[in-house]
Amino acid sequence: MPADATTTTGAGDLSAARKALQDVPHEPGAPKPDPILVADDIVRQFGGLTAVDVKHFEVQRGVITALIGPNGAGKTTFFNLLTGFDRPSSGSWAFNGTSLNKVAAYKVSRMGMVRTFQLTKVLSKLTVIENMRVGATKQRGEGLFSAMFAPLWRSQESANTKRADALLERFLLIKKREDFAGSLSGGQRKLLEMARALMADPELVMLDEPMAGVNPALKQSLLGHVKSLRDEGRTVLFVEHDMDMVRDISDWVVVMAQGQIVAEGPPDSVMSNQSVIDAYLGSHHDQDISEDLEEKILAEAQAEIDHEEDHRG
Ligand SMILES: Nc1ncnc2c1ncn2[C@@H]1O[C@H](COP(=O)(O)OP(=O)(O)OP(=O)(O)O)[C@@H](O)[C@H]1O
């Protein structure tokens, strides 16, 4: 289990992460010694298009894994499937040995697997501290039974506020506490999303393009924050186009192209692989995801937030 989210010391570190992966074969779908997430035969079709067709995928616990690939490779769709924001046409996957088939997104995050979004504007109409409260999924006050114990619930509420403030300090957002998230810069929103995700004290943090829209000054600090997640014992899986970031912080890199996993290995080995370079540079362009998809994902994220708020009464 990870250390408390507000601390930055823990069991994991770079050398331990690399050591854990040293005997893993550099091939698609390679089994890992201690997988936290395992997926099999995941297929997602949109009409005639097969967006995801992943035979086997494992994420090693306690390391930083990058998921890279050209635009349209299926990375975000795969993220959406794994986290319950979309349903596959077929396939099965498990987190810590527990099947996630048919598990709703908000329950997935409660189980300890939390994701951030490529686009963060869902947060804009709430203040920074309200965003943090939305992220606290482990409240005792949620069940009918525990709702009978109002004082207990209130103590949890104040613990949540303390936790939120400590995370805002850690992510350098405490001065923005009462500001609307919409007034934050792109980089600050990414930090807020990460801080918000940590409210749930997740074991696995999934980041969808954490560097997109972040100015160079904030990039270093964001890199440090992602490393600190691993160093406190969490597992990180992130989608990213910024190859400097991938090279700098990943312990393991998984490459997707046309819905499939086509290569895996440590960053140096994968990024010097000529077929990966060709696949990546051959079809990489700077377009973002389509507006329809963007709206769909935002609507689903909003639904998750509304659901959490309903639970809170
Ligand atoms: N809801 C949808 N309806 C129709 N097609 C979709 C939908 N979602 C994704 N797709 C298509 O599936 C394919 C994979 O898209 P996806 O966004 O998962 O790729 P990606 O690797 O995340 O790309 P990027 O790096 O640009 O974010 C694309 O061809 C995309 O147009």
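Rule-based calculations on the coordinates, nothing more; no lab input. Quick caveat: nothing in here was measured; it's all calculated off a predicted structure. Positions of Cβ are generated from backbone atoms using ideal geometry, with glycine treated the same way; all protein chains shown enter the neighbour counts.
Using a/c under 1.5 as the rounded threshold, could you call region 8-104 rounded, prolate or oblate? The axes a ≥ b ≥ c are square roots of the C-alpha gyration tensor eigenvalues, and prolate needs a/b larger than b/c, oblate otherwise.
Because a/c hits 1.5 or more and a/b exceeds b/c, region 8-104 counts as prolate.
Can you tell me the order of 168-181, 96-109 when each peptide is scored by its average per-residue count of other Cβ atoms within 10 angstrom, highest first?
Sorting 168-181, 96-109 by mean packing, highest first, produces 168-181, 96-109.
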**Complete:** Each label sits 7 Å from Cα toward the beta-carbon; between Ile277 and Gln220 the label points are separated, in nm, by 2.9 nm
**Asked** Which shape class applies to region 198-262: rounded if a/c is under 1.5, otherwise prolate when a/b exceeds b/c and oblate if not, where a ≥ b ≥ c are the square roots of the Cα gyration tensor eigenvalues?
**Response** oblate
**Request:** If a/c stays under 1.5 just call it rounded; otherwise compare a/b with b/c (prolate if a/b is bigger, oblate if not). Do that for region 51-114, with a ≥ b ≥ c from the square roots of the Cα gyration tensor eigenvalues.
**Result:** oblate
**Asked** So what's the gap between the Cα centers of region 206-266 and region 21-96, to the nearest angstrom?
**Response** 15 Å
